[in-house]
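Before we start, here is the structure in question, set down as structure tokens.
The values are calculated or read from the model by the stated rules, or taken from the named source; none is laboratory data. If you're wondering where the values come from, they're calculated on a predicted model, not measured in any experiment. A quick note on method: Cβ atoms are made from the backbone with ideal geometry, for glycine too, and the neighbour counts reach across all protein chains shown.
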Amino acid sequence: MKCRKCGAKASVNMRQHKLALCKEHYLEWVPEQTERFIKKYNMFTRDEKILVAVSGGKDSLSLWDILVRLDYRADGLYLGLGIDGGIGYSHESQRLTEKFAAQNHLKLHIVDIEKEYGQPIPLLSDISHRGHGKPCAVCGLTKRHEMNRIARDLGYDVLATGHNLDDEASVLFGNTLVWEGDFLLRQGPVLPAADGLSRKVKPLCRFYEREMAAYAIARGIEYIYEECPFAAGSTSIYYKELLNQLETTRPGAKLTFYLRFLEARKNGLFQERENRELNLHPCSNCGQLTSAPDLCSFCRMMEKVRLAE
Ligand code: Q46
Ligand code: ZN
Ligand code: ZN
């Protein structure tokens, strides 16, 4: 297989795009494509301040790397979840994130959940009895809350996460299986800013997971290979496997699934629901928007934790 641009031996072959590239041209192609998606979906401009949520994994570190190479003003946010899982998961992912920031002279904010709220994620989960023995529900809730809080308090215009196409297609698949209208309405490359919440964007949402792995490796980015120990056996991983089976026999199926969804929604698939007003108001404690009557889910969970102590 030869590089389409220069004829040298290709190092990345993307059947889904009918495109093969050598390492050098691949490292040009990824930022070019990212820039195209940023513009296409009006994610942000070069005047805006971007906060990138970094976990130490290949996607978020690559995203940060790409944005900086493209000359965007991007700082990092690392959330210390306090997850060990026998592999020192949080410790190692924080080390790699700090190393990446230092090597590239980038600004990194670190929030340690245990220091901030008295307990690491697995214990917050135990104490609040949320999530059926797995900390993921509490973890997801806390991550969202903290990302919003830091972006707002430090005056960032936009919050960027490293979700790739495999992540997005798997979430979309899960939501479609049960026709989760409200989630389907909100899933996409951009979630506009609302009272107290900054705009959220996913610049990598059209890249396959293996494309991001290839990018990180080609750029020599050191990232944590292990998944969070609690990810094993999750539904989202199961859906990813199903979609990969589909992709094997029909290259490009995953991308089509996601893009056609965005198109159908743009053309009014969920119009009726969109018109019905979502009843959101600020949480009486932290001010973030919520559909719950008084406190948002995060503040309610923390209240439970406080009462249990
Ligand atoms: S939610 Fe669950 Fe992830 Fe949190 S506890 Fe680990 S697997 S990190 S995306
Ligand atoms: Zn080439
Ligand atoms: Zn709240």
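Of everything in the range 280-302 that's in a helix (DSSP H, G or I) and of a type outside the set (D, E, K, R), which residue is farthest from residue 113 (Cα to Cα)?
Filtering the range 280-302 for residues in a helix (DSSP H, G or I) gives 297-302.
Within this subset, residues satisfying the condition of being of a type outside the set (D, E, K, R) are 297-299, 301-302.
Numbers: 297: 17, 298: 13, 299: 14, 301: 14, 302: 12 Å.
Here the answer is 297.
Among all residue pairs at least 6 apart or on different chains, which show Cβ distances below 9 Å where the first residue, located in the range 289-309, is within 18 Å of residue 148 (Cβ to Cβ) and the second is at pLDDT below 90 and of a type in the set (Val, Ile, Thr)?
Going by the 9 Å Cβ cut-off, the qualifying pairs are 296/290; 297/290; 298/290; 299/290.
Which condition breaks for residue 148 when tested against (1) within 27 Å of residue 233 (Cβ to Cβ); (2) crowded, with 19+ Cβ neighbours inside 10 Å?
(1)
Follow-up question, since we're still on this one. State all residues of the range 11-24 that are surrounded by 14 or more Cβ atoms within 10 Å (Cβ to Cβ) and more than 14 Å from residue 215 (Cα to Cα); if no residue qualifies, say none.
Selection gives 16, 17, 19.
May I pose another question? Working only within the range 211-265, note down all residues that are among the hydroxyl-bearing types (Ser, Thr, Tyr), assigned to a loop (DSSP other than H, G, I, E, B) and touching a residue at least 60 places away in the same chain (Cβ under 8 Å). Working first, answer last.
To start, the set of residues in the range 211-265 that are among the hydroxyl-bearing types (Ser, Thr, Tyr) comprises 215, 223, 225, 234-236, 238-239, 248-249, 256, 258.
Keeping just the survivors that are assigned to a loop (DSSP other than H, G, I, E, B) gives 223, 225, 234.
Result: 223, 234.
Looking only at the range 58-91, count how many residues are farther than 19 Å from residue 135 by Cα and either among the hydrophobic types (A, V, I, L, M, F, W, C) or within 12 Å of ligand 1 (Cβ to nearest atom) (or both).
Just the residues of the range 58-91 that are farther than 19 Å from residue 135 by Cα, to begin with: 58-77.
Within this subset, residues satisfying the condition of being either among the hydrophobic types (A, V, I, L, M, F, W, C) or within 12 Å of ligand 1 (Cβ to nearest atom) (or both) are 59-61, 63-64, 66-68, 70, 74, 77.
Looking only at that region, the number is 11.
If you go through the range 287-302 one residue at a time, how many are modelled with pLDDT under 90, within 9 Å of ligand 3 (Cβ to nearest atom) and under 17 Å from residue 153 (Cβ atoms)?
Total meeting the criteria: 0.
Here's something else I'd like to know. Where residues in the range 122-155 are more than 16 Å from ligand 3 (Cβ to nearest atom) and in contact with a strand residue (DSSP E or B) (Cβ under 9 Å, 6 or more places away or on another chain), which of them is nearest to residue 89 (Cα to Cα)?
Top of the filtered list is 154.
Related question: Taking the range 1-44, which residues are in a loop (DSSP other than H, G, I, E, B) and either under 19 Å from residue 258 (Cβ atoms) or modelled with pLDDT under 95 (or both)?
Taking the range 1-44 as the starting set, the residues that turn out to be in a loop (DSSP other than H, G, I, E, B) are 1, 3-8, 10-11, 18, 22, 41-44.
Of everything in the range 1-44, those that are in a loop (DSSP other than H, G, I, E, B) and either under 19 Å from residue 258 (Cβ atoms) or modelled with pLDDT under 95 (or both) turn out to be 1, 18, 41, 42, 43.
Here is a check on your reading of the model: is residue 181 in contact with a Lys or Arg (Cβ under 7 Å, 6 or more places away or on another chain), surrounded by fewer than 16 Cβ atoms within 10 Å (Cβ to Cβ) and over 19 Å from residue 80 (Cα atoms)? Reasoning before the result, please.
On the way: in contact with a Lys or Arg (Cβ under 7 Å, 6 or more places away or on another chain): yes; surrounded by fewer than 16 Cβ atoms within 10 Å (Cβ to Cβ): yes; over 19 Å from residue 80 (Cα atoms): yes.
Considered against the rule, which asks whether it is in contact with a Lys or Arg (Cβ under 7 Å, 6 or more places away or on another chain), surrounded by fewer than 16 Cβ atoms within 10 Å (Cβ to Cβ) and over 19 Å from residue 80 (Cα atoms), residue 181 comes out as yes.
Output the residues belonging to the range 156-213 that are among the basic types (Lys, Arg), out of contact with any strand residue (DSSP E or B) (no Cβ under 8 Å at 6 or more places or on another chain) and at pLDDT 95 or above.
Of the range 156-213, the ones among the basic types (Lys, Arg) are 186, 199-200, 202, 206, 210.
Restricting the remaining residues to those that are out of contact with any strand residue (DSSP E or B) (no Cβ under 8 Å at 6 or more places or on another chain) gives 186, 206, 210.
Residues satisfying the conditions are 206, 210.
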